[in-house]
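Asker: Structure incoming, see below.
The values are calculated or read from the model by the stated rules, or taken from the named source; none is laboratory data. Small disclaimer: the values here were computed from a predicted structure and weren't measured. Cβ sites come from the backbone with ideal geometry, for glycine too, and all protein chains shown count toward neighbours.
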Amino acid sequence: MEPMKKFQPTLEHALYALALVIAAGLRFLHLGALPLSDYEATWALQALRIVQGLRPGIGPNPAYVHLTAILFFIFGTTNFLARFWPALAGCALVLAPWFLRGRFGRLAALAVAFGLAIDPGLVAMSHLAGGPMLAITLLVFTGLMWMEKRPVLAGVLAGLALLSGPSIWFGILGLVLAWAFAANIGKKVPAPVEETGGKAKRKPAAPEAPAKAAGPGRFFTDELRAALLWGVGTLLVGGTLFLLSPKGLSGFGASAWASLSGWWTVSDTQFWQPLLALPAYEILPLGFGIAGAVRGILKRDADSLRLAIWALVAFVLSLIYPGKQVSDLVWALLPLWALAGLELSHHFDFAGQNMWEFSATFALVIAVLVFGWLKLADLTTVDLSASTSRINIYILPAFLLLIFMALALAWTGWSATIARLAGVWSFTVALTAFTVAMATGSAGLRQPLTAELWLPEPRTSRVDVLLKVASQISDLNRGYAEQLPLTILQVDSPALHWVFRDWKVQDVSDLAPDATPELLITPPGNVSLAVKYRGEGLPLYEHITWDQATASDWLKWIIYRQAPIARDDIILWVRADLMLDDQSTQPTP
C-alpha cells in the first residue's frame, strides 16, 4: 500500500481560505443583532415548539426546522442560532468552485469563490432564517458530489435538499428547463482536420464501443442505486428528526405544493423589484457575466453557453413567477458568477507588459470613477427639479467620456493589451468595492439600517425596547424578568411571540370588561377595562413606502440605500398598580 501523501498547503489553498474568512465575516458578524422578522420567526418558533415537546405542525421547510431544533436543544434559543444554518450554508457555498477547477480553470474558480463570498444577495439570504440558502447550497453540492463520483454523499445531500423548503423546487425547475434548452449543446462537434497533400481532409471518427442494451439495468447503475437509497433514507430520517418529529415528513410534500401554488397565488412583490435588484446590487457579475456569455457564443464554448442559458432561464422565472420573491433571483446569481469568473480569467495576461503603463492608465480610470461617484452622491443634496441642478446631471456622462478617452489614448500610445487590462481591472476593483458596500448593507452591518430589496417585508423594528420595558416591570414586581403573564390582544405577530418566547403569553381576540391582565399589548387605540392602565406606543414593524418615493428619494436609495420608511406601532399597557409610583394602589374588582 502506498504511503499517504502529506498535505502541502499552497497559495491556492491560502486564497480559498481567505475567501472563506471574508464570507464568514460578512455572514456571522452581528448575525443575531437584528430581531427576527415574521417570516423568520415562523420557522424559529416551529423549532422551539419541537424542543418544548409540543409536536407542532411543521411547515414546508423541515430541514431548517429540525436542524435548528437540535441547536436550540443543546445551546438554547437565540437570534444567532436561529440564523446559524443559513449563514453556515452561505459560507460552504464559497468552497463549491474548488471542485470545478479542472473544468473552469484555477483562476476562474478562484474568482467565482471570491464573488460568492461578497455577493450582496447571497449575504442577505445567509442572514435569513428559514430562507433559501440551505436549498441553494445543498443542491449545488449534490450536483458536485455526483460529478465527483461520490453517490452516497450526493444522495444524503439530495435528501436534505428536498427537505429545505419551496425554493428547492424553484431551483430544480430552472435547472430542468435550462437543461432542456441546452440539451444539444456540445453534441455536434466537427471531426478533427488533417492535412494530406495540401488538402484538408477530416479524420474518420473512431469506432464507437458497442452500446449496452437499453433497459432498467442500464439506467439504475450501482451509483444511482446507492444515491437513491441514501437519499430516501436521509429523507425519512431528516424528515422525522429520528422519529422525534414525524410531522416533519409532511413538509416534503408541503414544500412542493407551496412552490406549485405560487403559480396561481400572487405575492406582494412587484415585478420591478427583482428587475431592479440585479443592476442595483449585482452589476459586477452582471457586466462580466454578459461579457462571458458573449465570449462563449463567439467561441462556441459549451460550458459558457449552458451557464448563459441557466442564468437567463432563472432570471425569467424570477420575473414571471406570480408568487415571486426577490430572493428567487439568487438562483440566477450562481451561473452569472461562473460566467464572470470565466471572463475574468482571460485578463491575467500581464506577462511581458509594461506595468508602469498599466499602473498609470489604471490609476487614471480609478480616479475618474471615484470623482464621478462623488459627483453622483452630491446630487442627493440638491433639488433635482431646479433647472440649475440639471447641469450637474449632464456632467455625469462626461466622466464616462473621460474614461473612454483615457483608454483610447492608452490603446494608441502604448498597446491595446494595456488599455484592455487597465479598463477591465479598474472597473473590477471599483465594482468590487461597490459590491462589498452593498453586502454590508444586506448583512445589516450599517447604522442606521439601510432599505434593502432582498429581505421580506415588513422588517421588525425596535422590539428590544419593548422587551426591556416589560422585563423591568416584571423585575420590579416579581423580582425576576419574564415572570409576569403577558396578554396580546388582536396582534398577529410571530416576531412578537419570538421576542417573548420565554414568557407566559396568551393570545386573545377580545377581553371581558372585568379582565385585569398585568401586561397587555394591543394595536394603537385606547382600552376600556375595569382598572387603570398606563400605555406606551412602540414601533413593531417598518416597511419601505416605495409608492411615495420622489426622484430625490430614488437617488438617495441608489447611493446610500435610504428610502422613506413607515412604521406600524403597538401599545404596551401596564396595569397602573404595577408602576413604581403607584405601588399602594390595588386593582379594583
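Asker: Among what's in segment 1-50 and is of a type in the set (Lys, Arg) and either modelled with pLDDT of 95 or more or within 25 Å of Phe73 (Cβ to Cβ) (or both), pick the residue that is nearest to the chain's Cα centre (by Cα).
Answerer: Within segment 1-50, the subset of a type in the set (Lys, Arg) is 5-6, 27, 49.
After this cut, where a residue has to be either modelled with pLDDT of 95 or more or within 25 Å of Phe73 (Cβ to Cβ) (or both) as well, the list is 27, 49.
Values: Arg27: 10, Arg49: 26 Å.
Restricting to residues being of a type in the set (Lys, Arg) and either modelled with pLDDT of 95 or more or within 25 Å of Phe73 (Cβ to Cβ) (or both), the top hit is Arg27.
Asker: Would you check which residues across segment 564-575 are closer than 23 Å to Ala495 by Cα and either out of contact with any strand residue (DSSP E or B) (no Cβ under 8 Å at 6 or more places or on another chain) or not acidic (Asp, Glu) (or both) and list them?
Answerer: Within segment 564-575, Pro564, Ile565, Ala566, Arg567, Ile570, Ile571, Leu572, Trp573, Val574 qualify.
Asker: When you go through (1) in contact (Cβ under 8 Å) with a residue 60 or more places away in the chain; (2) assigned to a loop (DSSP other than H, G, I, E, B) one by one for Pro9, which number turns out not to apply?
Answerer: Condition (1) is where Pro9 drops out.
Asker: Now a separate question. Taking the residues in segment 131-178 that are within 11 Å of the chain's Cα centre (by Cα) and in a loop (DSSP other than H, G, I, E, B) as candidates, determine which candidate is nearest to Glu457 (Cα to Cα).
Answerer: Gly131
Asker: Continuing with the same structure: Would you check which residues across segment 245-289 are under 30 Å from Ala111 (Cα atoms) and over 19 Å from the mean Cα position of the chain (by Cα) and list them? Even if it seems obvious, please write down each step before you answer.
Answerer: So the first thing to find is which residues in segment 245-289 are under 30 Å from Ala111 (Cα atoms), and the list is 272-289.
Within segment 245-289, Gly287, Phe288 qualify.
Residue-by-condition table, conditions (1) at pLDDT below 90; (2) among the hydroxyl-bearing types (Ser, Thr, Tyr); (3) closer than 30 Å to Leu329 by Cα; (4) surrounded by 15 or more Cβ atoms within 10 Å (Cβ to Cβ):
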{"residue": "Gly441", "(1), (2), (3), (4)": "no, no, yes, yes"}
{"residue": "Arg446", "(1), (2), (3), (4)": "yes, no, yes, no"}
{"residue": "Arg462", "(1), (2), (3), (4)": "yes, no, yes, no"}
{"residue": "Val465", "(1), (2), (3), (4)": "yes, no, no, no"}
{"residue": "Ser471", "(1), (2), (3), (4)": "no, yes, no, yes"}
{"residue": "Pro485", "(1), (2), (3), (4)": "no, no, no, no"}
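Asker: So which helices (runs of 4 or more DSSP H) are wholly in segment 213-282 and hold at least 2 residues that are modelled with pLDDT under 90? So that I can check it myself, show each step before the final result.
Answerer: Values: elements: 216-219, 222-240, 250-261, 272-281.
Counting at least 2 such residues, we get 216-219, 222-240, 250-261.
Asker: Which ones in segment 542-562 are surrounded by 16 or more Cβ atoms within 10 Å (Cβ to Cβ), over 22 Å from the mean Cα position of the chain (by Cα) and closer than 19 Å to Gln270 by Cα?
Answerer: Ala549, Asp553
Asker: Which of the following residues is aliphatic (A, V, I, L, M), out of contact with any Cys (no Cβ under 8 Å at 6 or more places or on another chain), buried (at least 22 other Cβ atoms within 10 Å of the Cβ) and in contact (Cβ under 8 Å) with a residue 12 or more places away in the chain: Ala291, Ala332?
Answerer: Values: Ala291 fails: buried (at least 22 other Cβ atoms within 10 Å of the Cβ).
Checking each option against the conditions leaves just Ala332.
Asker: Looking at (1) over 27 Å from Asp502 (Cβ atoms); (2) more than 26 Å from the chain's Cα centre (by Cα); (3) among the hydrophobic types (A, V, I, L, M, F, W, C); (4) surrounded by 20 or more Cβ atoms within 10 Å (Cβ to Cβ), which one does Ala416 not meet, given that it meets all the others?
Answerer: If we test Ala416 against (1) over 27 Å from Asp502 (Cβ atoms); (2) more than 26 Å from the chain's Cα centre (by Cα); (3) among the hydrophobic types (A, V, I, L, M, F, W, C); (4) surrounded by 20 or more Cβ atoms within 10 Å (Cβ to Cβ), just (4) comes out false.
Asker: Can you pull out every residue in segment 541-589 that is modelled with pLDDT under 85 and among the small types (Gly, Ala, Ser)?
Answerer: Within segment 541-589, Ala551, Ser552, Ser584 meet the criteria.
Asker: On the basis of being of a type outside the set (D, E, K, R), farther than 19 Å from Trp373 by Cα and in contact with a Phe, Trp or Tyr (Cβ under 9 Å, 6 or more places away or on another chain), does Trp454 make the cut? Quick ask: steps written out before the conclusion?
Answerer: Details: of a type outside the set (D, E, K, R): yes; farther than 19 Å from Trp373 by Cα: yes; in contact with a Phe, Trp or Tyr (Cβ under 9 Å, 6 or more places away or on another chain): yes.
Yes; evaluated as a whole, the condition is true for this residue.
Asker: Which one is surrounded by the most Cβ atoms within 10 Å (Cβ to Cβ) among residues in segment 139-151 that are touching a residue at least 60 places away in the same chain (Cβ under 8 Å) and of a type in the set (A, V, I, L, M, F, W, C)? Quick ask: steps written out before the conclusion?
Answerer: At the first step, the residues of segment 139-151 found to be touching a residue at least 60 places away in the same chain (Cβ under 8 Å) are 140, 146, 149, 151.
Narrowing further to those that are of a type in the set (A, V, I, L, M, F, W, C): 140, 146.
Values: Val140: 20, Trp146: 18.
Across segment 139-151, the extreme among qualifying residues is Val140.
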